[in-house]
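See below for the structure under consideration.
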Amino acid sequence: MGFLDIFKRNVKAVKGKRSFFTGTLNSLNRPSGSAGSGYLGAVQDRLTEDFKGSDQSADSSSATSLEKLRSRARQLYMSNPYANRYINMVVSQTLGMDGIKLEAHTKRENGDLDELDNLNIERAWADFSKARNCTVTGRQTFLDVQRLALSTMARDGEVLIRIHKTKDAKYGMYLQVLEADYLLINFNKELKNGSRVRMGVEQDKFGKPIAYHLATKSPSDVGLQGVGYYSSADTIETERVPAEEIIHLYMQERPEQSRGITWLAQSMRALHMTEAYREAELVNARVSASKMAFYTSPDGDGYTGDDIDEDGNLIFEAEAGMIEQLPSGVGLETLDWGSPNTNVSDFVKSMLRGVSAGLNVSYTGLANDLEGVNFSSIRAGVQDEREIWKYIQSYLSEHLLDPIYNYWLECAILVSAVPFPPRKIDKFREVIWRPRGFSYVDPAKDNQAIAKALQLGITSRTEVASQQGKDFKDILNDLAKEEEMAYSMGVNISPIQTMPIYPAMQEPEAQAKGEFSDEVEDQEGVEE
């Protein structure tokens, strides 16, 4: 064996030791039970011992917790200011003052809007929307139905709107808003025809709702004895209602989900704990302000005070600069409760930021806290939040308003409440739902941007009005009426029409320097 052979053998030995040490270090760094190419989120070790995960179906996971989540959400809504504010935010930001309005959009054969038919539809719908024509109780307008359905869906996770078809109604139908308690969670069975009932919802083999099995009386009226409530020994009676007569509103988060989950679910625990902590700090501060000091003596006696009140409590006088000598053996011991706690505000803010993230709203909106924020941060938060409200508006239009309108149209034509022939019913289904719009965060800059977009032809006045929740046709009608009224009274309200000066109309030298005339600022938002 030559010298080179010895050298090669030593190199192999060193490489072997290096592989041994490298393998040892890797085994120390890698958590127990993990695979070299697996996901770290699937590792099960001492740090993830309480991270069990869930492999249940949507209905299996909700069946055991749905009632508890719903009851806790209602309790939070009644007693927790932040939960209450969130539900009210959902309703006010989504529906505004006037709710989502109907705009008829029927057309003639040539494609033009049929103004007369559209006017008749909108007038009939406005009449139906009145309380006396809309609901079985005669107490809710259609705007009330929208608000009640949305707030109940956000709080409970789901809501039922039952459609009662009856000749006694002016338009052949009434609406009834029901809480999800009527839809029994423990009502499950397999049917001989291949269908099944999942938590009160009868479905075909594909999961399409066929019927709803509703309790004939509210199972939740436990405190109203003698007023149709069930006792624990009673068997709850149910009735089968066809699916076309029920609108079951809930946000579906999983493909085969049959029931809805409260929107407060992810933030529920934090909301409860935060409010309990705030209450404890409040009690501590009150006690601290009430009890400042007490006297001590070896035998518990020795100080009689200046007087005794009617309840037997000792009274002593205290005023600025007063010095009092205590009896022999009596001492004064002061109390320092450390309250109010200066860290309360920061802790509550931190908790509410997590809560607002779970609710998909901004912290400033949920906590009504504008301290330490600037215009840019508010603008960013408001714009992100508005996308959530727009999504809810779209959901309500498609899953609540469209079904109700189509059912109303059929019933109204059937009872001759509207002068439309049944054979043209598809023509009258063409409607647009106009939700509330949102005001500009920075009106001056936003209007300037809109004016430039109109000049470039990348938007329209109709689209701009729609974003504000308005109909451009209504705007033109209002302007025409104002002009006509002013003219009849001899008043000129027409502004002086001047050509707006946009950057493209500036002198080349001014454009190069970025200089513009004062007329540009004076005419921000003015359209040619």
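Points worth noting:
- Sole residue being at pLDDT 75 or above and either of a type in the set (Ser, Thr, Tyr) or surrounded by 15 or more Cβ atoms within 10 Å (Cβ to Cβ) (or both), chosen from 365, 302: 365
- Failed condition for residue 391, given (1) over 30 Å from residue 176 (Cα atoms); (2) at pLDDT 90 or above: (1)
- Cβ pairs under 6 Å, 6+ apart, first in segment 135-149 and over 17 Å from residue 169 (Cβ atoms), second in a loop (DSSP other than H, G, I, E, B): 143/99; 146/99
- Index of the failed condition, residue 155 passing every other in (1) charged (D, E, K, R); (2) surrounded by 21 or more Cβ atoms within 10 Å (Cβ to Cβ); (3) assigned to a loop (DSSP other than H, G, I, E, B): (3)
- Per this entry, residue 446 is not counted among residues that are open to solvent by 60 Å² or more (accessible area, probe 1.4 Å), farther than 21 Å from residue 245 by Cβ and either in contact (Cβ under 8 Å) with a residue 40 or more places away in the chain or not polar (S, T, N, Q) (or both).
- Members of segment 414-432 that are surrounded by fewer than 18 Cβ atoms within 10 Å (Cβ to Cβ) and among the hydrophobic types (A, V, I, L, M, F, W, C): 414, 415, 425, 432
- Any hit, segment 261-271, residues being part of a loop (DSSP other than H, G, I, E, B), within 27 Å of residue 87 (Cβ to Cβ) and not β-branched (Val, Ile, Thr): yes
- Residue in segment 114-142 that is farthest from the chain's Cα centre (by Cα), counting only those that are of a type in the set (A, V, I, L, M) and surrounded by fewer than 18 Cβ atoms within 10 Å (Cβ to Cβ): 116
Condition check ((1) assigned to a helix (DSSP H, G or I); (2) within 20 Å of residue 419 (Cβ to Cβ); (3) β-branched (Val, Ile, Thr); (4) touching a Pro at 6+ places or on another chain (Cβ under 8 Å)) across all residues:
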site	(1), (2), (3), (4)
90	yes, no, yes, no
109	no, yes, no, no
120	yes, yes, no, yes
138	no, no, no, no
150	yes, no, no, no
171	no, yes, no, no
177	no, no, yes, no
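- Checking each residue in segment 103-113 for being in contact with a helix residue (DSSP H, G or I) (Cβ under 8 Å, 6 or more places away or on another chain) and either surrounded by fewer than 19 Cβ atoms within 10 Å (Cβ to Cβ) or within 30 Å of residue 366 (Cβ to Cβ) (or both) picks out 103, 105, 107.
- Candidates are the residues of segment 143-152 that are among the aliphatic types (A, V, I, L, M) and open to solvent by 10 Å² or more (accessible area, probe 1.4 Å); the one that is farthest from the chain's Cα centre (by Cα) is 143.
- If you filter segment 182-231 down to residues that are hydroxyl-bearing (Ser, Thr, Tyr) and at pLDDT 85 or above, you find that the one that is nearest to residue 152 (Cα to Cα) is 182.
- Index of the failed condition, residue 452 passing every other in (1) part of a loop (DSSP other than H, G, I, E, B); (2) over 30 Å from the mean Cα position of the chain (by Cα): (1)
- Matching option when the condition is surrounded by 21 or more Cβ atoms within 10 Å (Cβ to Cβ) and over 17 Å from the mean Cα position of the chain (by Cα), among 95, 175, 76: 175
- Residue that is farthest from residue 461 (Cα to Cα) [pool: residues in segment 474-490 that are among the aliphatic types (A, V, I, L, M) and open to solvent by less than 80 Å² (accessible area, probe 1.4 Å)]: 486
- Yes/no for residue 239 being modelled with pLDDT of 90 or more and more than 27 Å from the chain's Cα centre (by Cα): yes
- Residues of segment 196-213 satisfying the condition of being outside any strand (DSSP E or B) and open to solvent by 10 Å² or more (accessible area, probe 1.4 Å): 204, 205, 206, 207, 208
- Condition met for residue 407 (aromatic (Phe, Trp, Tyr), under 18 Å from the mean Cα position of the chain (by Cα), open to solvent by 30 Å² or more (accessible area, probe 1.4 Å) and at pLDDT 85 or above): no
- Scanning segment 179-195 for residues that are farther than 17 Å from residue 259 by Cβ and either in contact with a Pro (Cβ under 9 Å, 6 or more places away or on another chain) or assigned to a strand (DSSP E or B) (or both) yields one hit, 190.
- From the list 175, 214, 183, the lone residue that is under 15 Å from residue 240 (Cα atoms), in contact with a strand residue (DSSP E or B) (Cβ under 7 Å, 6 or more places away or on another chain) and touching a residue at least 60 places away in the same chain (Cβ under 8 Å) is 183.
- Residue 167 fulfils the conditions (1) of a type in the set (Lys, Arg); (2) closer than 28 Å to residue 392 by Cα; (3) not in a helix (DSSP H, G or I) except for a single criterion, (2).
The values are calculated or read from the model by the stated rules, or taken from the named source; none is laboratory data. Only a predicted model underlies this, so the values are computations on that prediction, with no experimental measurement involved. Cβ coordinates were reconstructed from backbone atoms using ideal geometry, including for glycine residues, and neighbour counts include every protein chain displayed. Ligands, DNA and RNA are excluded from the accessible area calculation, which covers all protein heavy atoms including side chains. Shrake-Rupley method; radii C 1.70, N 1.55, O 1.52, S 1.80 Å.
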